[in-house]
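*Asks:* Mind having a look at this structure? Questions to follow.
The values are calculated or read from the model by the stated rules, or taken from the named source; none is laboratory data. The structure displayed is predicted, hence computed values, not measured ones. A quick note on method: Cβ atoms are made from the backbone with ideal geometry, for glycine too, and the neighbour counts reach across all protein chains shown. With ligands, DNA and RNA removed, areas are computed over all heavy atoms of the protein, side chains included. Shrake-Rupley method; radii C 1.70, N 1.55, O 1.52, S 1.80 Å.
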Amino acid sequence: MENKQFFIKTFGCQMNERDSEIMAQSLSRYGYVEGMEVQEADLVILNTCSIRAKAEQKVMSLLGYLRKTKEKRPHMKICVAGCVAQQEGKTIIDRMPHVDLIVGTQNIYNIGELLLDAEAGKSRVVTQMEDSYVIPLFLPELPSSKADTKEDKTTFQFSRFVTIMQGCNNYCTYCVVPYTRGREVSRKVQDIVDEVTMLVQSGVKEITLLGQNVNSYGKTNEVEFGAPSFTFSDLLRRVAAVNGLKRLRFTTSNPKDLTDDLMSCFRDVKNLCPQFHLPVQAGSDTILKAMNRKYTVQQYLEQVKVLREYCPSISLSTDIIVGFPGETDADFEGTMDLLETVRYHGSFSFKYSDRPGTRSAGFENKVDEAVKSERLARFQARQDEISLERNAEFVGLEKEILVEQVSSDSVKGRTDTNHIVHVNEPLKVNVGDLLTVKINFAGQHSLKAELI
Ligand code: SAH
Ligand code: SF4
Ligand code: F3S
């Protein structure tokens, strides 16, 4: 079979990144290899995100650009997958005849077949979602061409994502995810352990478990025969025990489901990395309530305290939304205070954005765009200062790094706390090696170190 090339562009979260890998693996069964250039591709896939209006706009403008590319290369197929496809698929196909296929978030596993079907005149919009959706066992048995072509090929060989659940049942009032990803469904424990074991046996050192709210793993469907209340912490311990796994991470967590048992894993599970992304969203109880987050600032701060007791070296990060409808100056000061109290190692902060179908889109008291921008800038400037101060705490420490890149005169790696470290020395090491170094400089976004 002659090889055809596909080009895939991924927007949004790590779950989407993993979905892109799955599509790549699936397509390799249909004679496709991954290429680096849109201009040479026989198939272009946009794996899209609709979390904020901006993310969606990017997709729409890229589709506009691809229309012109396709005029020159009419055989090129265009496929839209991911969250925008799920929500807006029908509209896209109606308005953009140059799009060949829309693949919803639960339909990616047989994208190869769906392409053939669309070519044969069957449906071009495949976005069915089922409440009782079972995530197929998708063992990474196929060679992924991504490993041969992408710049991040080296990281891909030893650090991988494993999806443990789909969807979300939380309905935070601002969020599209429950609509784009459907009901929350957890994968079977054995499928997850099999996938991790296979990856580790093929040389992978670091695994990140993925879900929109991993803390509620196992709550909506039975995940292990004979154990009706198997929790996320049970899963963590099970995965951590896979022989040869050096580093385990997970993302992302809603504080409302964070148990003491899970927090204690940061003390007890040795290969669980001391790094925790715990999105708080806002530092005002009024706003948290309006967001339907189901925890208070006080409860959140208590969790931070316990986490730091259990694991003093833990590196904490968060997500923040500024300018949620009704957010007053005083509410925003609450968010700034929270930042001062927790002193996150890093954070992702965003201006609130109305999303179709969400409850908050219909809320009154929308905050002025200019006020949102001002608040965001203030938050980010202070976070930058704190990140630098936090990074400075590493100077003088010995840290183990997982090597990601090796060049003739330098090495780049990552600490267990997920900080990037540069060692500007020629070293005889390979990517995927663990190396102990001494941190001697802290920058805003990375650290520098020397060999001991
Ligand atoms: N499941 C995760 C969040 C996933 S979405 C959790 O519950 O924390 C990633 C982040 O995007 C969110 O944490 C939130 O900060 C941001 N976000 C989601 N919807 C948004 C919206 N409508 N406007 C602005 N930011 C939003
Ligand atoms: Fe969205 Fe809330 Fe679900 Fe996170 S927990 S994905 S913010 S609805
Ligand atoms: Fe975006 Fe969908 Fe992820 S909306 S953040 S790609 S779940």
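*Asks:* Among the aspartates and glutamates, select those whose C-alpha is under 20 Å from the C-alpha of Lys448, and discard any that sit fewer than 8 residues away in the same chain.
*Replies:* Hits, sequence-local ones excluded: Asp384, Glu385, Glu389, Glu393, Glu398, Glu400, Glu404, Asp409, Asp416, Glu425, Asp433.
*Asks:* Over the chain, what is the percentage of antiparallel beta bridges among all DSSP beta bridges, to the nearest 5?
*Replies:* Rounded to the nearest five, the antiparallel share is 30 percent.
*Asks:* So for segment 132-273, considering every pair of alpha-carbon atoms, how many percent are separated by more than 21 Å?
*Replies:* 44 percent
*Asks:* Normalized C-alpha radius of gyration of segment 338-429, against 2.2 N^0.38 Å?
*Replies:* My calculation over the Cα atoms of segment 338-429 gives 1.60.
*Asks:* Given a 1.4 angstrom probe, what's the average accessible area per residue across the chain, in square angstrom?
*Replies:* Value for the chain: 43 Å² per residue.
*Asks:* Right, next: Taking the Cα centre of the chain as the origin, how large is its charge dipole in debye, to the nearest 20, when only Lys and Arg (+1) and Asp and Glu (-1) carry charge on their Cβ atoms?
*Replies:* Working: 56 positive and 61 negative charges, 105 e Å.
Dipole of the chain, to the nearest 20 debye: 500 debye.
*Asks:* Moving on. List the cysteines in the chain whose Cβ has no other cysteine Cβ under 4.7 Å from it.
*Replies:* Cysteines of the chain left without a disulfide-compatible partner: Cys13, Cys49, Cys79, Cys83, Cys168, Cys265, Cys273, Cys311.
*Asks:* For segment 279-393, what does the convex hull of the Cα positions come to per residue, in cubic angstrom?
*Replies:* On the way: hull volume 10.9 nm³, N = 115.
Output value, Cα hull per residue: 95 Å³.
*Asks:* Tell me, what does the Kirkwood hydrodynamic radius of the chain come to in angstroms if you use every pair of distinct C-alpha atoms?
*Replies:* 23.4 Å
*Asks:* To continue, here is another question. For the chain, with the dipole built from +1 on Lys and Arg beta-carbon atoms and -1 on Asp and Glu ones, taken about the Cα centre, which of Met15, Ser315, His419 lies farthest toward the positive end?
*Replies:* So the residue furthest toward the plus end is Met15.
*Asks:* Here's another thing I want to ask about it. Could you give the alpha-carbon Rg of segment 398-451 over 2.2 N^0.38 Å, rounded to two decimals?
*Replies:* 0.96
*Asks:* Keeping to pairs on different chains or 8 or more places apart, tell me how many lysine pairs in segment 4-126 have Cα atoms under 23 Å apart.
*Replies:* 26
*Asks:* Largest first, what is the accessible-area ranking of Asp285, Asp42 with a 1.4 Å probe? Each step should come with its number before you reach the end.
*Replies:* On the way: Asp285 80, Asp42 35 Å².
Order by accessible area, largest first: Asp285, Asp42.
*Asks:* Given axes a ≥ b ≥ c from the Cα gyration tensor, I'd like to know whether segment 40-127 is rounded (a/c under 1.5), prolate (a/b larger than b/c) or oblate.
*Replies:* oblate
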